[in-house]
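Every number here is computed from the coordinates shown, using simple stated rules; none is lab data. Quick caveat, the model's predicted, so the values are computed rather than measured. Please note: Cβ atoms are built from the backbone with ideal geometry, for glycine as well, and neighbour counts cover all protein chains shown.
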């Protein structure tokens, strides 16, 4: 019986070892980077870490895909004129924000309730 070449034995073993390492690696805790460092907490950050569009300024809004200085200023101006957003899709009323633009960043934003009940 002929022995299989060495590379035919090593590749499956390396693949199995890599798969085991990936599957058995502990997942990072919520709010912690994979390196173990805490995720920074910004004033514009919602409870789940996404950007709160009611708290973010123009500079922060520019971090979103498809949002440049003009659209960021349009969002801030709209918010100042009409008040806080009540939902993410209300951004469609902002001039220059269409469905394609909104869909490109909707997973990165949230709307936090700015009038939380304090119990008093």
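The table for this structure:
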| item | result |
| --- | --- |
| Sequence ranges 77-89, 54-66, ranked by mean other-Cβ count within 10 angstrom, highest first | 54-66, 77-89 |
| Residues 42, 18, sorted so that the one with the fewest Cβ neighbours within 10 Å comes first | 18, 42 |
| Where labels lie 7 Å past Cα in the beta-carbon direction, separation of residue 99 and residue 8 in nm | 5.5 |
